[in-house]
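Encoded as C-alpha cells, the structure appears first; notes follow it.
Only the coordinates and a few stated rules stand behind these numbers; no lab work does. Computed from a prediction, not measured in an experiment: that's the story for all the values here. Cβ placement follows ideal geometry from the backbone for every residue including glycine, while neighbour counts extend to all protein chains displayed.
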Amino acid sequence: MPIAASRQTVLDRIAAAAKAAGRDPTEITLVAVSKTQPPEKIAQMLAAGQRVFGENRVQEAQARWAGKPADVELRLIGPLQSNKAAEACALFDVIETLDREKLARVIAEQPKRPRLYVQVNTGEEDQKAGVIPAEADGFITLCRELGLEIEGLMCIPPVNEPPGLHFALLGKIAARNGLTKLSMGMSGDYETAVRFGATSVRVGTALFGERA
Ligand SMILES: *Cc1c(COP(=O)(O)O)cnc(C)c1O
C-alpha cells in the first residue's frame, strides 16, 4: 500500500475508535515512528502531510533530522542515557522517556527543554525502561520540584498481555497526578489505546511496513 494510503487508513481507524468511545478524534495525535525506515519512505510520509514523528535513538535521529522542517515535531520514544540528554534536548521537541532522577536533573539544566513525558513500566518488566507504578507519583513530584513541567505519561505494555489493563493503569496514574496526556498504543493496539484515553499513539509498522 502506498504510504499516504496507509496513513489515511490509520487516521480513519483512530477516528472511528474515538467516535465509538465518545471522543473527539482531533484530541488524538498520530506519531509516525520512523526509526530504521529508509529516507524515501519518510519523504513520502512528509509529502502525505504527516508532521509528528517518533525516533528511538538520539544518534540516528540526529543524522536523519538535522535539517528538519520547522513545522515537524520530533519525539524521542526510546531510552535516553544521561550523557546524551543535552543532545536530545537540543534536537527533540518532546522526550517521552523520562524515568530517572539523574536524567531529570540533567534535563533541568538544559537551556532548551523539550516537552516531557514520564515513562511508566506498567508491567514492571526487568528489561523495560520506565518508573514502576508504585514510584510514579513520587517521581512526578520530584520532577516538578526540579522545575520540570510534565506534559503526560507514556507506557509500552508487555507484549504477551492484553494491553487494556496497562492503558487503564496509566490513565489512573495520570489522573491522580493532574496529567491529561497519555502516549500509548502501537501498531497492534492503537485502537484499544484510543478507547482507554490515549492522546497520542505511536505507530510504525502499520504506517511504513516492516522495519528493515
Ligand atoms: C518501535 C516503537 C513503536 C512502534 O511500533 P510498531 O509496532 O511498529 O507500531 C512505538 N513505541 C515505541 C516506544 C517503539 O519503540
Hits in the range 163-192 - residues which are surrounded by fewer than 22 Cβ atoms within 10 Å (Cβ to Cβ), more than 10 Å from the ligand (Cβ to nearest atom) and either within 20 Å of I14 (Cβ to Cβ) or touching a residue at least 60 places away in the same chain (Cβ under 8 Å) (or both): G164, A168, G171, T180, K181, E191, T192
Selection status of E96, out of contact with any helix residue (DSSP H, G or I) (no Cβ under 9 Å at 6 or more places or on another chain), surrounded by 14 or more Cβ atoms within 10 Å (Cβ to Cβ) and part of a strand (DSSP E or B): yes
Selected residue (only one of V106, V72 is out of contact with any Pro (no Cβ under 8 Å at 6 or more places or on another chain) and surrounded by 14 or more Cβ atoms within 10 Å (Cβ to Cβ)): V106
Test result for V201, assigned to a helix (DSSP H, G or I) and either surrounded by 15 or more Cβ atoms within 10 Å (Cβ to Cβ) or within 16 Å of the ligand (Cβ to nearest atom) (or both): no
Matching option when the condition is β-branched (V, I, T) and in a loop (DSSP other than H, G, I, E, B), among I140, I156: I156
Count of the range 36-56 residues which are under 18 Å from the mean Cα position of the chain (by Cα) and surrounded by fewer than 18 Cβ atoms within 10 Å (Cβ to Cβ): 3
L80, sole failed condition from (1) away from the ligand (no atom under 16 Å from the Cβ); (2) in a loop (DSSP other than H, G, I, E, B): (1)
